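Below is one structure; the comments refer to it alone.
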Number of protein chains: 6
Amino acid sequence: MLRGLYPGRFQPFHLGHLNVVKWGLEKVDELIILVGSAQESHTLSNPFTAGERIEMIRNSLRDEGIDLSRIFIIPIPDILMNSVWAYHVSTYTPKFDVVFARNPLVVRIFKEAGYKVEVPPPFNREKYNSTYIRRLIILNENWSELVPKAVYDFIIKNKGDQRLREIVGTDK
Amino acid sequence: MLRGLYPGRFQPFHLGHLNVVKWGLEKVDELIILVGSAQESHTLSNPFTAGERIEMIRNSLRDEGIDLSRIFIIPIPDILMNSVWAYHVSTYTPKFDVVFARNPLVVRIFKEAGYKVEVPPPFNREKYNSTYIRRLIILNENWSELVPKAVYDFIIKNKGDQRLREIVGTDK
Amino acid sequence: MLRGLYPGRFQPFHLGHLNVVKWGLEKVDELIILVGSAQESHTLSNPFTAGERIEMIRNSLRDEGIDLSRIFIIPIPDILMNSVWAYHVSTYTPKFDVVFARNPLVVRIFKEAGYKVEVPPPFNREKYNSTYIRRLIILNENWSELVPKAVYDFIIKNKGDQRLREIVGTDK
Amino acid sequence: MLRGLYPGRFQPFHLGHLNVVKWGLEKVDELIILVGSAQESHTLSNPFTAGERIEMIRNSLRDEGIDLSRIFIIPIPDILMNSVWAYHVSTYTPKFDVVFARNPLVVRIFKEAGYKVEVPPPFNREKYNSTYIRRLIILNENWSELVPKAVYDFIIKNKGDQRLREIVGTDK
Amino acid sequence: MLRGLYPGRFQPFHLGHLNVVKWGLEKVDELIILVGSAQESHTLSNPFTAGERIEMIRNSLRDEGIDLSRIFIIPIPDILMNSVWAYHVSTYTPKFDVVFARNPLVVRIFKEAGYKVEVPPPFNREKYNSTYIRRLIILNENWSELVPKAVYDFIIKNKGDQRLREIVGTDK
Amino acid sequence: MLRGLYPGRFQPFHLGHLNVVKWGLEKVDELIILVGSAQESHTLSNPFTAGERIEMIRNSLRDEGIDLSRIFIIPIPDILMNSVWAYHVSTYTPKFDVVFARNPLVVRIFKEAGYKVEVPPPFNREKYNSTYIRRLIILNENWSELVPKAVYDFIIKNKGDQRLREIVGTDK
């Protein structure tokens, strides 16, 4: 039985993320989707709470017909110490055999901790990019095709787009 | 669609907990099992990591034939402020309509935050009690019948019983 | 112009505390009442929030006809380091010339930090004692004469007595 | 009896802030002035300690003849979680009925928490602006007319202007 | 080149500790003395600051003629997560090959993290025991023979015995 | 007996730092080298762990023939409160008589806390500058002459240069 870890912030979960999930599920029996910076929300970089992100991810996977019994979705707050982060992660999750990550620092930290790391194939990263999608939301431009329908519906229904625009307006 | 929250530390998850899960699933469509004190492990009161607890709970539910697509298992670290705890929880979880809890302080905190709370029926709380089970483990007495088979197997396989006995021996 | 600091947790503010305030106001022009452990509430030792304690203290002083323009009531959260606590306090408060304290550790810490400390006269400390008063509240015995009327009224109106009894009942 | 909350960092308290206080006191019986980021000081954005800010605000209100028995001045440290900030505030303060705020994020957070929010009228925000005033202090240009006299006197007497210029010079 | 780690709180450093240092220096080329709970002081269990403990240890080793170029004395604050503690330690210290520890939990945590652990020989642990020595100090009984002379001199000169007795007297 | 404090982050320790150490040792009997931001590592500004920095500093001093019994090398984590930082430092270190610092904020904070501060003589600060050296490492340009040989050897042997380049590549 093989288990993989897929860390991210998923602000929001988009089709590039979904693609990694599908790709990963071909390589391992179970996949842990790690929702990082769980303590953050209501900021420009992290508009959605961990709970909202978990719900959006789960709805998206269900819509895709992915077997949820093969998936763990686990939120984790940041700690201030990069060098112990991989170990911190390992206490919040079931044991895993491989990490799916592209971010060079994340790759390095898990490798230093002795984990096997695989870099997922690229998937049009200019477009399927959370920063870019948040910008489109703020500018009220079209972003619906970049995310799973379940993500779009959740954000619209919960007025997440309006929240993001209000945060941008902050003069704090 | 109704969603319930079931908070606990699950050190370890036992048949009383399993009973509450089944009882809860008759009342709501989806149940969030909240694994509290997620940052704790390797202590007498909290021997298991959040990841170990999540895995034990999940294995137990799967063995019971419970539909995992109706379940969220979400770890959450403690914060030091009781008065904001209910709100802290609400940022880590999807929205919920009712809380299943017996602990008077937990009941009070969620009620003060405006949540509906239901107290699960008692289920032989002298026996199905995590403190009692940890004591049996330490004393090497029989505890296998008090927990789901998946919990027993996990603890034995990962030498969790030995860890607990070593922690007791601590002279720190 | 002389300013004094009077630190405490005030869980709750009682007639012994009030007495110290009056005694202190004869010695200094302005008095800072420092409400410690501000982050705590809903526990057996710290049932009331900082905000509730501030309101109870203020109402008590007003009822006594004390000139509020001579008083600062300032909440401060704990820090984990005793040795810097006096300095931590000094960043939350206007400058002060003398500390009114009886607790030997508090006395020592402020003295080590170079402050002048005066010990208030005792005032029937068996009776006018927050731990004792909380116990009476829990046991539903008579405690109304041990606190200012404003404190009693506030606790009854906000069901603080009921909160305390529920906290005691906790099986967490 | 109506109570309002006026959150800010007040680095330093200026005539625009004073104007909001006066405007607020026409709408409510009691006003809580919440001094945010209380743990910060000696930085470019937050040069003054919470205690210094409290003293400057209080002196300004007294000079204006404002009845201090209608005012609470309460420091509060930051927490890292925006989504629970409104609840965090509510544990440090007496209960309040309305929030006076202009910052869109603050407005949003209190609205999400169920509070009524009113936006104070603008008051020449280019001039009466703490960032702008700190810049003038650093450049040694004229800023005395932008703040209450009590604030100016306090800063000069305590060499706060010199502190700010030294912080700017930091090469840390 | 072999390096060993010797963790402890050293409240205070006594002849049993000194014995472990000497024993360890026969086994490794360099020894890291890790001064734990560095953030603590002025409590019954942790009366001395990290800096005071470092100075006492260093003076003791110098008096013994131990080559200080073979020694690191490194303070480290606690973190709340036992399961990542060994990794936390490894970021504060140069790399080490073996851990000298007796405490079963410490032994377990370092073993789980993949370190070699050796248990030092016992050395009259009823007598050479920090808890016991602190009690003797409080009771003003004879403790001078249980600690290196440098420790005794430091505590007396800095009135550490008086501090300890005042802490005991605390009624906080 | 005079003792000096020399605070820095030493990311990495370079010849300018070494020069200050030598200059300081002419003025005091013992020198405390305080390794700040000890909790940080694996970032662009703080690539090395506290333990790595301690080892590099120690090796450099030994190579220079500096008497290590006159030196303390003490790591300290950040606290969020500038105004209590000097006191925080004093709990992690033996008592000191003078601070050697150039950073204006550090100078100010120690002066406000009552310490004597001396500014070390400049030593070609354009070249002997940690930020500049990290940039050279990243660009793979020549930096070996700017640091003690022991620092260069340590970084190369432990692939610290590669770590730094990977961190720069981060897209987190």
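Within the stretch D:77-86, the set of residues being in contact (Cβ under 8 Å) with a residue 12 or more places away in the chain and surrounded by 18 or more Cβ atoms within 10 Å (Cβ to Cβ) comprises D:Pro77, D:Asn82, D:Ser83, D:Trp85, D:Ala86. Selection within the stretch B:100-110: residues that are over 17 Å from B:Phe10 (Cα atoms) and facing another protein chain (nearest Cβ under 7 Å). The member of this set that is surrounded by the most Cβ atoms within 10 Å (Cβ to Cβ) is B:Ile109.
When residues in the stretch E:21-37 are screened for being within 14 Å of the chain's Cα centre (by Cα) and without any contact (Cβ under 8 Å) to a residue 40 or more places away in the chain, 0 of them pass.
Of all residues assigned to the stretch D:23-37, at least one qualifies as being within 14 Å of chain F (Cβ to nearest Cβ), in a loop (DSSP other than H, G, I, E, B) and either among the polar types (S, T, N, Q) or touching a Cys at 6+ places or on another chain (Cβ under 7 Å) (or both). One residue alone among D:Leu44, D:Leu18 is closer than 17 Å to D:Trp143 by Cβ, over 12 Å from the mean Cα position of the chain (by Cα) and not acidic (Asp, Glu), and that residue is D:Leu44. Counting only residues that are among the aliphatic types (A, V, I, L, M) and closer than 26 Å to E:Leu80 by Cβ, the stretch E:1-56 holds 9 of them. Of the residues making up the stretch A:111-146, just one is at positive phi and surrounded by 11 or more Cβ atoms within 10 Å (Cβ to Cβ), namely A:Asn124. When the stretch C:121-164 is filtered for residues that are farther than 13 Å from C:Phe48 by Cα and either charged (D, E, K, R) or within 14 Å of chain B (Cβ to nearest Cβ) (or both), the ones remaining, listed by number, are C:Arg125, C:Glu126, C:Lys127, C:Arg135, C:Ile138, C:Glu141, C:Glu145, C:Lys149, C:Asp153, C:Lys157.
If only residues of the stretch A:1-41 that are in contact with a Lys or Arg (Cβ under 7 Å, 6 or more places away or on another chain) and aliphatic (A, V, I, L, M) are counted, the one that is farthest from A:Val99 (Cα to Cα) is A:Val35. Restricted to the stretch B:122-172, and to residues that are among the hydrophobic types (A, V, I, L, M, F, W, C) and without any contact (Cβ under 8 Å) to a residue 40 or more places away in the chain, which residue is farthest from E:Asn82 (Cα to Cα)? Here the answer is B:Trp143. Looking only at residues in the stretch B:36-72 that are surrounded by fewer than 18 Cβ atoms within 10 Å (Cβ to Cβ) and of a type in the set (Gly, Ala, Ser), which one is nearest to B:Glu166 (Cα to Cα)? Filtering first and then ranking leaves B:Ser45. Evaluating B:Pro47 against the criteria (1) within 12 Å of chain C (Cβ to nearest Cβ); (2) in contact (Cβ under 8 Å) with a residue 60 or more places away in the chain leaves one unmet condition, (1). For the stretch A:1-49, a residue qualifies if it is in contact with a Phe, Trp or Tyr (Cβ under 7 Å, 6 or more places away or on another chain) and among the aromatic types (Phe, Trp, Tyr), and exactly one does: A:Tyr6. Can you find even one residue in the stretch C:59-68 that is farther than 30 Å from F:Thr93 by Cα, touching a strand residue (DSSP E or B) at 6+ places or on another chain (Cβ under 7 Å) and of a type in the set (Lys, Arg)? Looking for residues that are farther than 30 Å from F:Thr93 by Cα, touching a strand residue (DSSP E or B) at 6+ places or on another chain (Cβ under 7 Å) and of a type in the set (Lys, Arg), one finds none in the stretch C:59-68, hence no. The number of residues in the stretch B:39-55 being more than 9 Å from B:Gln11 (Cβ to Cβ) and either modelled with pLDDT of 95 or more or among the aromatic types (Phe, Trp, Tyr) (or both) comes to 6. The set of residues from the stretch F:61-71 being facing another protein chain (nearest Cβ under 7 Å) and not small (Gly, Ala, Ser) comprises F:Arg62, F:Leu68. A residue that is among the charged types (D, E, K, R) and away from every other protein chain (no Cβ under 12 Å) can be found somewhere in the stretch E:79-99. B:Ile74 meets each of the listed conditions (1) touching a residue at least 24 places away in the same chain (Cβ under 8 Å); (2) out of contact with any strand residue (DSSP E or B) (no Cβ under 8 Å at 6 or more places or on another chain) apart from (2).
The values are calculated or read from the model by the stated rules, or taken from the named source; none is laboratory data. Note that the structure is predicted; figures quoted are calculated from it, not measured. Neighbour counts run over all protein chains shown; Cβ positions are idealised from the backbone, glycine included.
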